[in-house]
Amino acid sequence: GHAHPAQQPEKPLVPGVRAIVAVASGKGGVGKSTTATNLALGLAANGLRVGLLDADIYGPSMPRMMGISGRPTSRDGKVLEPMENYGVKVMSMGFLVAEDTPMIWRGPMVMSALQQMLRDVNWGELDVLVVDMPPGTGDAQLTMAQQVPLAGAVIVSTPQDIALLDARKGLNMFRKVDVPVLGIIENMSYFCCPNCGHRTDVFSHGGAKREAERLGAEFLGEIPLDIVIRETSDAGTPVVVATPESEHAKVYRRIAARV
Ligand code: ADP
């Protein structure tokens, strides 16, 4: 049978952090990091104390998306102070290595780096720590799901069949290690032409909702494909903070309220 988490002693809590929520996707490029960032900012906008841990070691994007540069400091040479912007505390491998340096690490090194970013960072008192997981369902993801005391996981998928297949794998991975799946978000759900308003379902539409129903998981909401979401993220001012009154910002905040 499968190892049961109750029998694993290696899941110590992170002091001061009330809940750790993973944002995951079955494959790369579906907008997992964009969603994790706007979700974290949405949680903060809803009045929670929020941290954001970029566990995407091989492709860290939080420094850029959160508009943070510079290096974390340490008071005692052991514990790092997290960086901060928009009221959210952030830690990312991107703060520790140059942007164009490839991480050529094997699994065990990645795991120890993740453990350090989780436990050797002065997160302080947080209501929720959002973890932007690496894409996929490989060894690193599984170990992460097993060793980090996750309160739950949110799965991001595009509506496409192939992405949904991978999302299902991700969901099953969390269920296997008894991490509650909080729900599925459909990203790039549809596209509205800014010029004529015509709607196109670029990657199909509604697949994530159907998949959620099929799998008995919550459907948390849909986010359209919109150049504003991409541009604001690239500029380091994600849409939730760039235009808090916009429809996009409201959608992210609504989803954050359900997580
Ligand atoms: P992942 O973390 O899954 O690899 P990213 O969040 O890095 O994906 O997103 C991949 C690219 O797609 C980025 O350039 C991002 O700005 C863009 N993107 C993500 N979601 C949206 C969206 N809803 N509308 C427009 N662009 C998006």
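Throughout, read-outs are computed from the coordinates displayed, never taken from laboratory work. Since this is a predicted model, take the numbers as computed values, not measurements. Glycine gets a Cβ as well: all are built from the backbone with ideal geometry, and neighbour counts include every protein chain shown.
Ranking TRP105, TRP123 by Cβ neighbours within 10 Å, fewest first, what do you get? Before the final figure, lay out each step's value.
On the way: TRP105 15, TRP123 21.
Lowest count first: TRP105, TRP123.
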Residues LYS209, LYS89, sorted so that the one with the fewest Cβ neighbours within 10 Å comes first: LYS209, LYS89
Assertion target for LEU39, LEU80, LEU142, ordered by fewest C-beta neighbours within 10 angstrom first, is LEU142, LEU80, LEU39
Region 121-148 and region 202-259 have their Cα centres apart by a whole-number Å value of 21 Å
Only Lys, Arg, Asp and Glu count, each charged at its Cβ (+1, +1, -1, -1), so figure out the dipole size of the chain about its Cα centre, rounded to 20 debye. 440 debye
Can you give me the Cα centroid spacing of region 152-174 and region 56-95 in angstrom? 27 Å
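Using 1/(1 + (r/R0)^6) with R0 = 41 angstrom and r between the beta carbons of ASP201 and ARG75, what's the FRET efficiency to the nearest 0.05? Write out the running numbers ahead of the final one.
On the way: r = 52 Å, r/R0 = 1.26.
E(calc), rounded to 0.05, equals 0.20.
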Along its three principal axes, how long is region 97-184 when you only count alpha carbons? Whole Å, largest extent first please. 36, 33, 21
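If exposed GluC sites (Glu not before Pro) are those in a DSSP loop with at most 13 other Cβ within 10 Å, what is the longest stretch of the chain that has none?
Details: sites that count: GLU10, GLU99, GLU125, GLU245.
Longest run free of exposed loop sites: 126-244.
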Output the Cα-based Rg and Dmax of region 16-258 in Å, rounding Rg to one decimal and Dmax to a whole number. 17.1, 58
Cross-link table LYS27/LYS250; LYS176/LYS209; LYS176/LYS250; LYS11/LYS169; LYS78/LYS250; LYS78/LYS169, entries beyond 31 Å C-alpha to C-alpha: LYS176/LYS250; LYS78/LYS250; LYS78/LYS169
